[in-house]
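Asks: Below are the structure tokens for one structure; questions will follow.
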Amino acid sequence: MLQGIAFYILAAAAVIPAFMVVTARNPVHSVLWLILSFFSAAGLFVLMGAEFLAMLLVVVYVGAVAVLFLFVVMMLDVDFVRLREGYARYLPLGGIVAAVLLVEMIVVSMAVVQGGAARDAAGPIAATPDQTNVEAIGRVLYTDYVYFFQAAGIVLLIAMIGAIVLTLRHKPNIKRQDVSRQVGRDAKTAMQVKSVQTGVGVTPEELR
């Protein structure tokens, strides 16, 4: 009884924020709704006994991808007025895509309920008494699908580098650290003695 109530609460807390991600006018609010939807989906995985997938969803998607999106949206100079101009123009296309996805989800759900998909599936991976659910799934993922995990890590690395490149702004007349110049200094170039006249001081050109 309590498990059924928790399922409906978490399901509603996953579907409603997912709808708010699309309809929210502020991209920052959309990312926050997306994080809430991820947390609710992780709770659903815990109810299904898939603790590894729940942990993966929180650590990877919430802790990396969603936070990365949030920082990119907050740090970029986004023109929200211009961003909302094409909403009505692309609304029919978005409705068609949403309808196709809804039909696919209904077809797959009916196949699972009728048992058609279960006959062709390889079957669940049963954990031994001395093996937890996380260890059983981890052995399959990190042996048979290890290259897919490496590819996912490379994609996340490229996304992080892209976010840094997008937010890096080079402004004129700003002193920046030159590491190679600092490391290459010796005793002769590390310090320079200047003869400063009283009441005149040192000009910026002499300090360079």
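The values are calculated or read from the model by the stated rules, or taken from the named source; none is laboratory data. For clarity, every value in this text was computed on a predicted model and none was experimentally measured. Cβ sites come from the backbone with ideal geometry, for glycine too, and all protein chains shown count toward neighbours. Each accessible area value is taken on the protein alone, full model and side chains, heavy atoms only, with ligands, DNA and RNA left out. Shrake-Rupley method; radii C 1.70, N 1.55, O 1.52, S 1.80 Å.
Asks: Looking at the structure I just gave you, is residue 158 at pLDDT 75 or above and open to solvent by 60 Å² or more (accessible area, probe 1.4 Å)?
Replies: Here the answer is yes, as residue 158 does meet what is asked.
Asks: Here's a follow-up. Please go through region 142-155 and pick out each residue that is surrounded by 10 or more Cβ atoms within 10 Å (Cβ to Cβ), hydroxyl-bearing (Ser, Thr, Tyr) and part of a helix (DSSP H, G or I).
Replies: Across region 142-155, the qualifying residue is only 142.
Asks: Continuing with this model, one more query. Name the residue, out of 174, 137, that is open to solvent by less than 100 Å² (accessible area, probe 1.4 Å), of a type in the set (A, V, I, L, M) and in a loop (DSSP other than H, G, I, E, B).
Replies: Numbers: 137 fails: in a loop (DSSP other than H, G, I, E, B).
Checking each option against the conditions leaves just 174.
Asks: What number goes with the only condition from (1) exposed (fewer than 10 other Cβ atoms within 10 Å of the Cβ); (2) at pLDDT 75 or above; (3) of a type in the set (A, V, I, L, M) that residue 81 does not pass?
Replies: The one condition residue 81 does not meet is (2).
Asks: Further question on the same structure: Tally time: how many residues in region 22-37 are closer than 24 Å to residue 152 by Cα, of a type outside the set (Val, Ile, Thr) and open to solvent by less than 40 Å² (accessible area, probe 1.4 Å)?
Replies: Number satisfying all stated conditions: 2.
Asks: Only one residue in 19, 39 is in a helix (DSSP H, G or I), of a type outside the set (S, T, N, Q), farther than 22 Å from residue 90 by Cβ and modelled with pLDDT of 85 or more, so which one is that?
Replies: Result of the check over 19, 39: 39.
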